[in-house]
Amino acid sequence: MIYDVIIIGSGPAGLSAAIYGKRAGLNALVLERQPMSGGQILNTYEVDNYPGLPGIGGFEIGQKFREHADKLGVEIKTAGVCGLETAGELFRVQTNDGELQSRTLILATGAGHRKLMVPGEEELAGMGVSYCATCDGAFFKNRAAAVVGGGDVALEDALFLARGCSKVYLIHRRDEFRGAKILQQRVKEAPNIEILYHSVVEEICGKDAVESVSVYNRKEERRFKLQVSGVFVAVGIEPNSKIAEGFVPMDESGYLKAGEDCVTEIPGVFAAGDVRTKKLRQVVTAAADGANAIASVEAYLLERG
């Protein structure tokens, strides 16, 4: 079978593209390597800025996107993509479950968590080191934890953990946060959150589980240890663009080059959501990308008859 469009990824961008594609009458297939759709949003405790759904849980909104796609009869296949190549006017998608062909591709592979790259991080991953407070925060009830970062996710993680942890240290390398002002205000008002500005984690310590973190305050040129049971890393994201290396042009950070119309430099290939070059990466912009990508797919297919 030759599809009109194969959508790689089933986060908000991929599922939005699938919904719009199905409604446009396109023969579409969604490929998702994870057993559950939703992307990063599944790891977000609360989404308070999606229009019409204030305070909805990340897992819940991810499931609603998938339910919408399923209701329309979107074809979704669990498979990992291991290669992309052109075949005349078609594209070949190599997966761990065989080869697929399509007239167009939408790359909606999202982004993943950036790591601190410090001693102890890799060794203690899953044993106190986490990249998802909403996933693992319950394990640290009535214990001390540290959050590393200064954006929205770090602030949200600190607030979430403060509900159950005895103490939360928020470690940030700069003198002010990048996150939303309302989140900053809530963090500063929380009685059990201690903010450590100008500070970086140098090592995560522990034998079989996290026991402490070594911190360096760059302003005071002082090193010290914090006794914590958990370290939650929230220092940004990296694009999941490895499958497109050498196939679609990227910027210096690895994001796929594409504008608001999601058109890449490769005719017939489109990039949507967090994996593409853009200023704002939010659920609402990812969903918008999905719609724009399908509009561009339709224009491309119409032009070629």
Surrounding net charge for Gly259, when Lys and Arg each add one and Asp and Glu each subtract one, Cβ distance under 12 Å: 0
Lys77: which lysines have alpha carbons under 25 Å from its alpha carbon, excluding same-chain residues fewer than 8 sequence positions away? Lys22, Lys64, Lys242
How much net charge surrounds Ala295 when only the other residues with a Cβ under 12 Å from the Cβ of Ala295 are counted, with Lys and Arg +1 and Asp and Glu -1? -3
Points 7 angstrom from Cα along the Cβ direction at Glu67 and Asn27: gap in nanometres? 3.2 nm
At 0.36 nm per residue, and after removing the present C-alpha to C-alpha distance, how many nm does the segment from Glu265 to Met36 gain when stretched out fully? 79.4 nm
What ranking do 296-305, 266-275 get when scored by the average of other Cβ atoms within 10 Å per residue, highest first? 266-275, 296-305
Just the isolated ones, please: cysteines in the chain lacking another cysteine beta carbon under 4.7 angstrom. Cys82, Cys165, Cys205, Cys262
Using a Gaussian network model of the chain whose springs link C-alpha atoms within less than 10 Å, name the residue from Glu85, Glu252, Glu122 with the highest mean-square fluctuation. Glu252
Residues Glu238, Glu265, sorted so that the one with the fewest Cβ neighbours within 10 Å comes first: Glu265, Glu238
For the chain, size of Cβ-based charge dipole, Lys and Arg +1, Asp and Glu -1, in debye: 680 debye
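I'd like to compare 174-187, 10-23: which one has the highest average count of other Cβ atoms within 10 Å, and what's the full order after that?
Result, highest mean first: 10-23, 174-187.
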With the cut-off at 1.5 for a/c, could you classify region 238-305 from its C-alpha gyration tensor as rounded, prolate or oblate? oblate
Sequence-distant residues sharing a close amide H with Glu194 (under 5 Å, placed H): Val168, Tyr169, Leu170
Please state the shape class of region 129-233: rounded when a/c is under 1.5, otherwise prolate if a/b exceeds b/c and oblate if not, all from the C-alpha gyration tensor. oblate
Let me spell out the model: positive unit charges on the Cβ of Lys and Arg, negative unit charges on the Cβ of Asp and Glu, origin at the Cα centre of region 129-233. What dipole size does that give, in debye rounded to 20? 200 debye
Extreme residue, positive dipole direction of the chain, given options Gly14, Val187, Ala286 (C-beta unit charges): Val187
Relative to the Cα centre, what is the charge dipole magnitude of region 66-168, using +1 at the beta carbon of each Lys and Arg, -1 at the beta carbon of each Asp and Glu, and rounding to the nearest 20 debye? 400 debye
Excluding residues on the same chain fewer than 8 positions from Lys225, give the aspartates and glutamates whose Cα lies under 17 Å from its Cα. Glu121, Glu194, Glu202, Glu203, Glu211
Put in order of increasing Cβ neighbours within 10 Å, starting from the fewest, Phe139, Phe65, Phe232 give Phe139, Phe65, Phe232
The answer for His113, listing residues at least 5 apart or on another chain whose modeled amide H is closer than 5 Å to its amide H, is Glu238
Residue-span extension gain [Glu189 to Ala209] - 0.36 nm each, minus C-alpha spacing: 4.2 nm
Estimated 222 nm signal from helices in the chain, with DSSP H stretches of n ≥ 4 weighted -39500 (n - 2.57), rounded to 500: -7500 deg cm²/dmol
How much net charge surrounds Gly137 when only the other residues with a Cβ under 10 Å from the Cβ of Gly137 are counted, with Lys and Arg +1 and Asp and Glu -1? 0
Test of understanding: in a Gaussian network model of the chain with alpha carbons linked when under 10 Å, which of Thr78, Thr86, Thr109 would top the mean-square fluctuation ranking? Thr86
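Bear in mind that the values in this text are calculations on the coordinates, not laboratory data. Keep in mind it's a predicted model, so treat the numbers as computed, not measured. A quick note on method: Cβ atoms are made from the backbone with ideal geometry, for glycine too, and the neighbour counts reach across all protein chains shown.
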